[in-house]
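The values are calculated or read from the model by the stated rules, or taken from the named source; none is laboratory data. These numbers come from a predicted model, not from an experiment. Ideal geometry is used to build each Cβ from the backbone, glycine not excepted, and the neighbour counts take in all protein chains shown.
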């Protein structure tokens, strides 16, 4: 791991964190319609996994979709504009918070249906195999999706054809308000790999470097034609399932939330780099300032962008307009 | 572009009599040979190459899948997003429900939800196995459900020439297409041009010209529709039989122009009655041809019941020649 890579990990974690904190503010200010599912707490897992890929590789994600494209290298302006429903949004205002797919950086899908993206990632693996293009697809999903049929069907499909896919579970211990331990027959999702004859690894999702190492190994394995792997990153979301969601009863201890915040992915990486002499505190602060500037520019771009025309709702249903479709 | 059954598309194609089933495999063979991005995914399909239905050299692009309809359909969608042009064989149309998320939430919506960043060039094949005492889990005609999912194109080819032309056009289309075959047609033969025969989408075929009544027949009901037309011709009633061939897009013009001439519309649809293709076509005629209609529109459909096993109960449910003749007589 080069120093430059370790610093880049830090940058991406901070970029997700500051983007998400801004999203929270924009939502509170009434500038973002609907609800948002923030990646705060998941940054180490998401950034460490994406940095283990090549630029030409693909990822597929889920409803907690903001961190994925940022970790894969997307520009922030189009993402923020999408969240505000603007025409300059990366999906032209058709996707929104749960679906920040940015194909320009290989984010080929962000499924709002839990588990819906897992077969898509499997298909990207099939393409890589048939086309022989050396691509690997990294598939993000949560603990809840690991109980969907699509997860089990996909692992079996990828295993029988040795498809270059890395299935990456962001296990944040809760599916909305339901504790994962109440609805999983096993303690660790990684053990589900055994049923499909593929490696299953558990990793500390708050430690970006640990996530990188484990994912890198799985990516290499996939790229060499040795098939898929399952990785389970133990992580935690600091906020609610969705920002603005009103939950009438407590479903997790405040003490538990605080305990996880003590192991913050931003702080862990910063401290590590400073202690190793890779980064000074001053430089770390500067990086924070640079990224805060990026986020500010993204917000400004989004705010000054126009809303789509109502008639744009009829665009992109089909590649070519279908006669009789519009009325 | 030729929609005419029996008309050579490239001017050099000889016309052969082949079965609907053979036509399906000609389409696969030709498109897979033409374009290396075309792959087949489905259950029990390794026998395609082993049985010689497809050339053995294509074996590496035939993925005989485990029984995991949602998984392999979604895999097809992901493959379509990343450079392949998959044909997913869902075997029997009733199995499509297991893959609804992949088809309706993913394939149909991805172009739209990504603001046009992506396209999903995928074909789903689904064969409707009604009329065969297979009972309710193998006998559905579910195309109306998918007509209600914007982003999908829906085809119901009724002749060997059209099933070949539609499959080939669907494989080349950049949007997801669901092709509903009628299993009862598989071993019926008809003229099919050799070579590159493509059937255009959204262009209906007038199967029989007539002047008194417009009869729109969906998919495999062409046979009973044409037989009823023949019977009624003997009684001095002239039916125009129209096969829409694709339901999305639907050729409004041909249907409405015919209704403008006849003033009478009967629709024959093997799907269930409520919200069927017949209901949609009736609504279009009522909205856009109200002034030309001289009689109320009549639908001849399968009633709203699951399909029973015993032929004694099953067979009378489907639109028959007698049902059509009776419907037309109501208009006299």
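Quick rundown of the values:
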{"quantity": "From the options A:46, A:114, residue that is more than 11 Å from every other protein chain (Cβ to nearest Cβ), in contact with a helix residue (DSSP H, G or I) (Cβ under 7 Å, 6 or more places away or on another chain), under 28 Å from residue A:221 (Cα atoms) and touching a residue at least 40 places away in the same chain (Cβ under 8 Å)", "calculated": "A:46"}
{"quantity": "Selection status of residue B:100, surrounded by 23 or more Cβ atoms within 10 Å (Cβ to Cβ) and modelled with pLDDT of 95 or more", "calculated": "no"}
{"quantity": "Residue check, residue B:143 buried (at least 23 other Cβ atoms within 10 Å of the Cβ) and more than 9 Å from chain A (Cβ to nearest Cβ)", "calculated": "yes"}
{"quantity": "Residues being closer than 10 Å to residue A:228 by Cβ and in a helix (DSSP H, G or I) - total across segment A:161-212", "calculated": "2"}
{"quantity": "Segment A:213-245 - residue that is without any contact (Cβ under 8 Å) to a residue 60 or more places away in the chain and assigned to a loop (DSSP other than H, G, I, E, B) and, of those, surrounded by the fewest Cβ atoms within 10 Å (Cβ to Cβ)", "calculated": "A:224"}
{"quantity": "Search result, residues across segment B:74-121 that are under 14 Å from residue A:157 (Cβ atoms) and more than 7 Å from chain A (Cβ to nearest Cβ)", "calculated": "B:86, B:88, B:99"}
{"quantity": "Residue within segment A:255-271 that is part of a loop (DSSP other than H, G, I, E, B), away from chain B (no Cβ under 14 Å) and surrounded by fewer than 20 Cβ atoms within 10 Å (Cβ to Cβ) present", "calculated": "yes"}
{"quantity": "Subset of segment A:97-109 (residues that are touching a helix residue (DSSP H, G or I) at 6+ places or on another chain (Cβ under 8 Å) and at the interface with another protein chain (Cβ under 9 Å from one of its Cβ atoms))", "calculated": "A:99, A:101, A:102, A:108, A:109"}
{"quantity": "Residues of segment B:301-322 satisfying the condition of being touching a residue at least 40 places away in the same chain (Cβ under 8 Å), outside any loop (DSSP other than H, G, I, E, B) and closer than 23 Å to residue B:275 by Cα", "calculated": "B:302, B:314, B:315, B:321"}
{"quantity": "Breaking point among (1) surrounded by fewer than 22 Cβ atoms within 10 Å (Cβ to Cβ); (2) in a helix (DSSP H, G or I); (3) under 14 Å from the mean Cα position of the chain (by Cα), for residue B:221", "calculated": "(1)"}
{"quantity": "Residues (at the interface with another protein chain (Cβ under 8 Å from one of its Cβ atoms) and in contact with a helix residue (DSSP H, G or I) (Cβ under 7 Å, 6 or more places away or on another chain)) located in segment A:126-136", "calculated": "A:126, A:127, A:130, A:135"}
{"quantity": "Any hit, segment A:61-84, residues being facing chain B (nearest Cβ under 9 Å), farther than 27 Å from residue A:203 by Cβ and over 14 Å from the mean Cα position of the chain (by Cα)", "calculated": "yes"}
{"quantity": "When residues of segment B:141-156 are limited to those that are part of a loop (DSSP other than H, G, I, E, B) and in contact with a strand residue (DSSP E or B) (Cβ under 7 Å, 6 or more places away or on another chain), the one nearest to residue B:104 (Cα to Cα)", "calculated": "B:152"}
{"quantity": "Some residue of segment B:41-60 being part of a helix (DSSP H, G or I), out of contact with any strand residue (DSSP E or B) (no Cβ under 6 Å at 6 or more places or on another chain), facing chain A (nearest Cβ under 10 Å) and surrounded by fewer than 19 Cβ atoms within 10 Å (Cβ to Cβ)", "calculated": "yes"}
{"quantity": "Residue check for residue A:150: within 22 Å of residue A:206 (Cβ to Cβ) and buried (at least 24 other Cβ atoms within 10 Å of the Cβ)", "calculated": "no"}
{"quantity": "Hits in segment B:242-275 - residues which are surrounded by 24 or more Cβ atoms within 10 Å (Cβ to Cβ) and either more than 14 Å from chain A (Cβ to nearest Cβ) or at pLDDT below 95 (or both)", "calculated": "B:242, B:243, B:258, B:259, B:264, B:265, B:266, B:267, B:268, B:269, B:270, B:271"}
{"quantity": "Exclusive hit being within 27 Å of residue B:234 (Cβ to Cβ) and in contact with a helix residue (DSSP H, G or I) (Cβ under 9 Å, 6 or more places away or on another chain), set B:324, B:307, B:284", "calculated": "B:324"}
{"quantity": "Helices (runs of 4 or more DSSP H) lying entirely in segment A:39-140 (those with 1 or more residues that are surrounded by fewer than 24 Cβ atoms within 10 Å (Cβ to Cβ))", "calculated": "A:76-83, A:118-131"}
{"quantity": "Residue list for segment A:291-327, filter: at positive phi and at pLDDT 95 or above", "calculated": "A:316"}
{"quantity": "Test result for residue B:188, surrounded by fewer than 23 Cβ atoms within 10 Å (Cβ to Cβ), out of contact with any helix residue (DSSP H, G or I) (no Cβ under 7 Å at 6 or more places or on another chain) and under 30 Å from residue B:236 (Cα atoms)", "calculated": "no"}
{"quantity": "Residues located in segment A:153-191, provided they are within 10 Å of chain B (Cβ to nearest Cβ) and buried (at least 24 other Cβ atoms within 10 Å of the Cβ)", "calculated": "A:153, A:154, A:155, A:157, A:158, A:163, A:165"}
{"quantity": "Among (1) within 14 Å of chain A (Cβ to nearest Cβ); (2) out of contact with any strand residue (DSSP E or B) (no Cβ under 9 Å at 6 or more places or on another chain) - the single one residue B:291 does not satisfy", "calculated": "(1)"}
{"quantity": "Among the candidates B:94, B:133, residue that is more than 30 Å from residue A:91 (Cβ to Cβ) and under 20 Å from the mean Cα position of the chain (by Cα)", "calculated": "B:94"}
